[in-house]
Amino acid sequence: MVFLSGYGSNDATLQCLLRLLPDVHEHELGLVRAHLTWGKDRINDHRPTVGVTSEVIHSLDLARYVTGGDEPLKVRDALGVTSDFSVSGPEVLDSVALTATLGEAPVTVYSSFTNIVRQRTVDLAFRDRRGQLVYASCVYDTPVWDADHLRVWRREDGREHTLCEIDTRDVQVPDAQRAVVKLRRLAPDVVRHVADGTPPRVPFAGLAESVGTQRLLNDIETAARTTGPARYFPQGRTPVTEVDWERLG
């Protein structure tokens, strides 16, 4: 069950936001607005997939987690596009645009399995206890996996004042660890928890949270008003030998 949450399985992307979470609580930051983009290119993917709902949940979970997870996330509207991008069928949902609310804050989301360029960004605007705005922008896996950038700032006197910044884009990674640095962080947490009950750095998802996440995905899947299908392979699909995890992952 520990892998059923988007942010549980994607501990990778939480490492930057973990630095932001204490500030959200300490300074009583309330979310004003969120915009999330989570896309990658899986065109001609040889692996079965349920579609883009398995991708959009990562950004939704990240926004919900960094704000404390106490406010309800409600999807208000969903527009989608179907296509034959994968081996799973001729009309699989490959992209979706959502409007939602997280508590009282509006949230807009775009997620796609047919984004030609991988794009994973989380943009958040908060208001602090004094009524001033605080901004946070997170960019993940750009230009390669495990290259992340978090910046938190406020605007005062016509200038931007950086409050926190974390940048792993220039960190050198051994060849044997390329693209798995973040996943390696999750594995020891699971092993230690199973072995002696050591609490993980990122709490594992419980049953109630996992069921709630699945219901949210079901709602998106069934409620999306769709256009398509787009036909990437009108003459039929050819066997795929590509295993480019930077593109497909």
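Structural remarks
- The residue of the stretch 150-159 that is nearest to the chain's Cα centre (by Cα), among those that are open to solvent by 40 Å² or more (accessible area, probe 1.4 Å) and at pLDDT below 90, is 151.
- Elements of type strands (runs of 3 or more DSSP E) contained in the stretch 70-166, each with 2 or more residues being more than 20 Å from residue 56 (Cα to Cα): 114-127, 133-139, 149-156
For every residue, the table says whether it meets (1) modelled with pLDDT under 85; (2) closer than 29 Å to residue 93 by Cβ; (3) among the hydroxyl-bearing types (Ser, Thr, Tyr).
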site	(1), (2), (3)
148	no, yes, no
197	no, no, no
209	yes, yes, no
225	no, yes, no
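- Any hit, the stretch 47-58, residues being of a type in the set (Gly, Ala, Ser) and in contact with a strand residue (DSSP E or B) (Cβ under 7 Å, 6 or more places away or on another chain): yes
- Boolean, residue 205 is open to solvent by less than 40 Å² (accessible area, probe 1.4 Å), within 27 Å of residue 69 (Cβ to Cβ) and modelled with pLDDT under 85: yes
- Note on the stretch 70-91: among residues that are free of Cβ contacts under 8 Å to residues at least 60 places away in the same chain and not charged (D, E, K, R), the one that is least open to solvent (accessible area, probe 1.4 Å) is 86.
- Index of the failed condition, residue 77 passing every other in (1) acidic (Asp, Glu); (2) modelled with pLDDT of 90 or more; (3) under 17 Å from the mean Cα position of the chain (by Cα): (3)
- Search result, residues across the stretch 227-249 that are loosely packed, with under 10 Cβ neighbours inside 10 Å and at pLDDT 80 or above: 234, 235, 236
- Residue match in the stretch 46-54 (condition: modelled with pLDDT of 85 or more and assigned to a helix (DSSP H, G or I)): yes
The values are calculated or read from the model by the stated rules, or taken from the named source; none is laboratory data. Since the model is a prediction, treat every value here as computed from it, not as a measurement. So basically every Cβ, Gly included, is an ideal-geometry build from the backbone, and we count neighbours across all protein chains shown. Surface areas here come from the heavy atoms of the whole protein model, side chains and all, with no ligands, DNA or RNA. Shrake-Rupley method; radii C 1.70, N 1.55, O 1.52, S 1.80 Å.
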